[in-house]
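Read the structure below first, then the notes.
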Amino acid sequence: MINKTYYPAQRSNVDSFLVMDLLYSANKLEANGKKIFHLELGEPQPKTPKRVLKEAARLSKISLPGYTPSNGIVSLRKKVRDYYYLQYKIEIDKDQVFITTGSSGAFLLTFLSCFDPGSRVAIFNPVYPAYRNILKCLNIDVVEIYPNEEELDKIDISMISGKKIDGLVISNPNNPNGQVFNQEELAYIYDFCIKNKIILISDEIYHGIEFIEKSNSMLNFGENAIVINSFSKFFCMPGWRLGWVIIPKVITENFLKLSQNIFISSGNIAQFSALKVFDCMKELKEIVKNYHLTRDKVNEVLERIPMINFSRPNGAFYFYLDISKTKLDSFKFVRKLINDTGVVLTPGLDFDKKFGQKTVRLSFSSETSIVLDGVDRLYNWFKKNY
């Protein structure tokens, strides 16, 4: 009989992603006939471009090699290289590009390649929770940088000053608050990290989904940064589990060895299909225009709810709402909301362990009609209860 005291390992004891628990609850209600408005998930709509789907269907009928190179097929790495030159005027070597099993694979490989147990890596709150949890399970110390309590939906980059850290992870545009760092802020972050010998990791998964002006890549400020992106958001390929990371040449050998041993390779059909998505730029930009229109309409409704505070997002497809005036814990708030209205939001505890009980995230990535119907229900719920 197995001695249970051996299990589980302490480092596996990370926080669950509450939004997935809510999705499970929402799906149960939906299965029982309740109308559900999914404003909790960051899943782009419409989904994958038809050109990509058509290519996947074609590839499924031919004999592709099962395994691909561990850093990705050469043709896709070249496509990513060319994309950075066209979009950002950045010249990179195709061998600096690694195709990964989603952005999650990119983060895991990056953290393993750059940090040893006991290293100190900073993250700004509110933040995508996987950063924190992956770092913790690798026995890397997480340095939390929290927002000002008066502005829970904003990141103040000056708060990094004085922190003794080995690494910094930033998200631009940010999930969950849609904040976009301007050129001066990005330059400040880059220069701070160079001056203090801090490894800088820039999550640019929501690049391309901006509503004021196009963001610079962190690589526009110099080559001493690691940039992670994904085919899931702007490129509308969620679930294909395909991402990429651009790394300095000095760590390519270690990166490759880790990738060979941990993942072997990313999916073959996904990689070859993704080649076609770069031919869909006009279509993808039209989707962003629709996000922009949806954002503005949602903003109009939310501004009529005095019980919440928020800033209009400049990127990604989320509103981050301060609900502290309701006196409800964010998890209790979303539970009550889903039961009363069928509207599903994400509790802020996923994104901020200190102030997240006062906040919720609202995603407007679904079809505009569904989002607006859900937001109207949210407005009427507040009007009735407060």
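The values are calculated or read from the model by the stated rules, or taken from the named source; none is laboratory data. Just so you know, these numbers come straight off a predicted model, no measurement behind them. Heads up, the Cβs are rebuilt from the backbone with ideal geometry, glycines too, and the neighbour counts pull from every protein chain shown.
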Subject >> Those residues of the stretch 223-246 which are among the hydrophobic types (A, V, I, L, M, F, W, C) and closer than 16 Å to Val74 by Cα, in sequence order >> reply: Leu242, Trp244, Val245, Ile246
Subject >> Any pair with Cβ under 7 angstrom, 6 or more apart, that starts in the stretch 76-95 at a residue that is without any contact (Cβ under 8 Å) to a residue 40 or more places away in the chain and ends at one that is among the acidic types (Asp, Glu) >> reply: Tyr85/Glu91
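Among the candidates Leu29, Leu64, Leu59, which residue alone is touching a residue at least 40 places away in the same chain (Cβ under 8 Å) and under 28 Å from the mean Cα position of the chain (by Cα)?
Leu29
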Original post:
Does Asn175 qualify as being surrounded by 20 or more Cβ atoms within 10 Å (Cβ to Cβ), closer than 25 Å to Lys289 by Cα, out of contact with any strand residue (DSSP E or B) (no Cβ under 6 Å at 6 or more places or on another chain) and at pLDDT 95 or above?
Top reply: yes
Original post:
Does the stretch 157-184 hold any residues that are farther than 12 Å from Ser217 by Cα and over 19 Å from the mean Cα position of the chain (by Cα), and which are they?
Top reply: Ser158, Met159, Ile160, Ser161, Gly162, Lys163, Lys164, Ile165, Asp166, Glu184
**OP:** Within the stretch 120-142, identify whether any single residue is part of a helix (DSSP H, G or I) and closer than 16 Å to Asn254 by Cβ, and answer yes or no.
**Re:** no
Original post:
Which condition number in (1) touching a residue at least 12 places away in the same chain (Cβ under 8 Å); (2) surrounded by fewer than 23 Cβ atoms within 10 Å (Cβ to Cβ) is the one that Phe319 fails?
Top reply: (2)
Subject >> Condition met for Gly222 (surrounded by fewer than 23 Cβ atoms within 10 Å (Cβ to Cβ), more than 30 Å from Arg58 (Cα to Cα), of a type in the set (Gly, Ala, Ser) and at pLDDT 95 or above) >> reply: yes
**OP:** Search the stretch 32-56 for residues being over 19 Å from Gly239 (Cα atoms) and touching a residue at least 40 places away in the same chain (Cβ under 8 Å), and hand back the single one that is surrounded by the most Cβ atoms within 10 Å (Cβ to Cβ).
**Re:** Phe37
